[in-house]
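Chemist: Here it is: the structure, laid out below.
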Amino acid sequence: MKYEPVMGLEIHVELNTKTKMFCRCSADYFGKEPNTHTCPVCLGLPGALPYINEQAIENCIKIGLALNCSVNKVSYFERKNYFYPDLPKGYQISQLVLPIAINGWIEVENEKGEVKIVRINRAHQEEDTGKLMHSGNETLIDYNRSDVPLVEIVTEPDFTDTAQIKDYAKKLQQIFRYLGVSNADMEHGDMRLEANISVRPVGQKELPNYRVELKNINSFRFMAQAVEYEIKRQTESLEKGEKLVQETRGWDEDKRQTYVQRTKEEAHDYRYFPEPDLPEMRLQNLELKAKQETPELPHEKMKRFVQQYQISKANASILTENKNLANFFEDAVTIGKDKDVTESQVANYIVNQKVDFQKTTPLALIEVILSKKLGIIEDEETLTKLAKETIEESPQFVLAYKAGKTTILQAFIGNVMRKTGGKADTSKLRQILEKLLSE
Ligand code: ZN
Ligand code: MN
């Protein structure tokens, strides 16, 4: 029997709002002195009351809209109850029944340019937990991260290979950065991935009941390795006729294998119920505001670049990877226009020379392109003279060429390039050489 994996992905992304989700402590906690960004609300002290950060809700809506979700007109928060020392209240304020955004989709393109549609189940708002720090046999807790706004994005089980998962996660990272709602830095834990994986016989429609959750993976590479391992492990078990169980597994980077964290018997019952300290939200006005403030997204920008500037899709895709690079390109195009530098010259130069836009300015770039253009020898008479010289210098090459070894032409071109310091126009030079050699 043949088997195939069916997989879904959950992404947690930390928002970069000024303040936390339900209090006014600074949310900019990374690298700060432990427990200095805290107050009774985010420490979960009895009697402290939360209030909603509107900017966070707007950012969550922006994410939902970018993923083609519908925004619920009414949404509310719930308590997700579980015990863990990094969760001071004993529950996480999250959403279950009426999340902010539902039923979306996103197009993800692979390296070959094939497009896949991934369905989005939901994007909901919640709060982050504190951070445990283990040293020796002591564990310390830092509550600076407690209550930092977190958005959870859940896909339908639409992935069938590891590369798709990686492409999707990278695409979302790009969207978060374009929207400006998160730095989406994996190393800082701004973005955390969880995959659900089960392997089933090819052709089987229903989802198996032995779904494995891979938890808390903080790099694209580890996620890909863990997923690959898990597909292999499940396939081998099924081939041996073993029974698989629903469980949560982690990734052991040293052993390079997944390991059991929790089985179904210990699975959590979160006893969700509506958060009584927070009001229901009506989201229509915020949705309008979010729509107005949403910038051009990466795939829209890419399409526009191809149409407006007549550049290749490959170049447009590289130039729109990063919003600041895209702006740099457009500024350079504007400056170049008055100086006879075309859009595709600018695009080619940035892409081929791997220009670091942070180390130069659009004006400086155009000047470099112009200086290169000025130095190029295009004059036919000069090129012919140079070509004749190199032919006379290497009679053995001429013989080889005439005997059918036409690749030797490259050696003539190389000689001329050496003489001119790389300034000869190669396509013109090639024509001239071909003509001279066939005489
Ligand atoms: Zn606080
Ligand atoms: Mn969550």
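Chemist: Say whether the condition of being on the phi < 0 side of the Ramachandran plot and within 16 Å of ligand 2 (Cβ to nearest atom) is met by at least one residue in the range 43-56.
Modeler: There is at least one residue in the range 43-56 that is on the phi < 0 side of the Ramachandran plot and within 16 Å of ligand 2 (Cβ to nearest atom).
For every residue, the table says whether it meets (1) touching a strand residue (DSSP E or B) at 6+ places or on another chain (Cβ under 6 Å); (2) part of a helix (DSSP H, G or I); (3) within 22 Å of LEU87 (Cβ to Cβ).
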site: ILE102; (1), (2), (3): yes, no, no
site: LYS116; (1), (2), (3): yes, no, no
site: ILE120; (1), (2), (3): yes, no, no
site: THR139; (1), (2), (3): yes, no, yes
site: VAL151; (1), (2), (3): yes, no, yes
site: GLN174; (1), (2), (3): no, yes, no
site: SER182; (1), (2), (3): yes, no, yes
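Chemist: Let me ask something additional. Filtering the range 1-22 down to residues that are over 14 Å from THR129 (Cα atoms) and within 14 Å of ligand 1 (Cβ to nearest atom), which residue is surrounded by the most Cβ atoms within 10 Å (Cβ to Cβ)?
Modeler: Per the criteria, the residue is THR17.
Chemist: Related question: Of all residues in the range 153-163, which are surrounded by fewer than 24 Cβ atoms within 10 Å (Cβ to Cβ) and either within 16 Å of ligand 1 (Cβ to nearest atom) or not in a loop (DSSP other than H, G, I, E, B) (or both)?
Modeler: VAL154, THR162, ALA163
Chemist: Follow-up question, since we're still on this one. Answer yes or no: is there a residue in the range 362-373 that is of a type in the set (Ser, Thr, Tyr) and surrounded by 12 or more Cβ atoms within 10 Å (Cβ to Cβ).
Modeler: no
Chemist: While we're here: Taking GLU275 as the residue in question, decide whether it is modelled with pLDDT under 90, out of contact with any Cys (no Cβ under 6 Å at 6 or more places or on another chain) and of a type in the set (Asp, Glu).
Modeler: No, not satisfied.
Chemist: How do the pairs read when you match residues in the range 89-105 that are within 19 Å of LEU67 (Cα to Cα) with residues anywhere that are within 16 Å of ligand 1 (Cβ to nearest atom) and in a strand (DSSP E or B), using Cβ under 8 Å and keeping only pairs 6 or more apart or on different chains?
Modeler: GLN95/GLU126
Chemist: On to the next question. If the requirement is being surrounded by fewer than 16 Cβ atoms within 10 Å (Cβ to Cβ) and in contact with a strand residue (DSSP E or B) (Cβ under 6 Å, 6 or more places away or on another chain), which of these qualifies: ARG262, ARG221, ARG256?
Modeler: Going through ARG262, ARG221, ARG256 in turn, the sole match is ARG262.
Chemist: For the list (1) surrounded by fewer than 16 Cβ atoms within 10 Å (Cβ to Cβ); (2) in a loop (DSSP other than H, G, I, E, B), I need the number of the one condition that MET133 fails.
Modeler: Unmet for MET133, out of (1) surrounded by fewer than 16 Cβ atoms within 10 Å (Cβ to Cβ); (2) in a loop (DSSP other than H, G, I, E, B): (2).
Chemist: Moving to a separate point now. Select the helices (runs of 4 or more DSSP H) contained entirely in the range 350-416, then report the ones holding at least 1 residues which are more than 45 Å from the chain's Cα centre (by Cα).
Modeler: Fully inside the range 350-416 and qualifying: 380-393, 395-402.
The values are calculated or read from the model by the stated rules, or taken from the named source; none is laboratory data. Just so we're clear, the structure is a prediction, and the values are computed from it rather than from any experiment. So basically every Cβ, Gly included, is an ideal-geometry build from the backbone, and we count neighbours across all protein chains shown.
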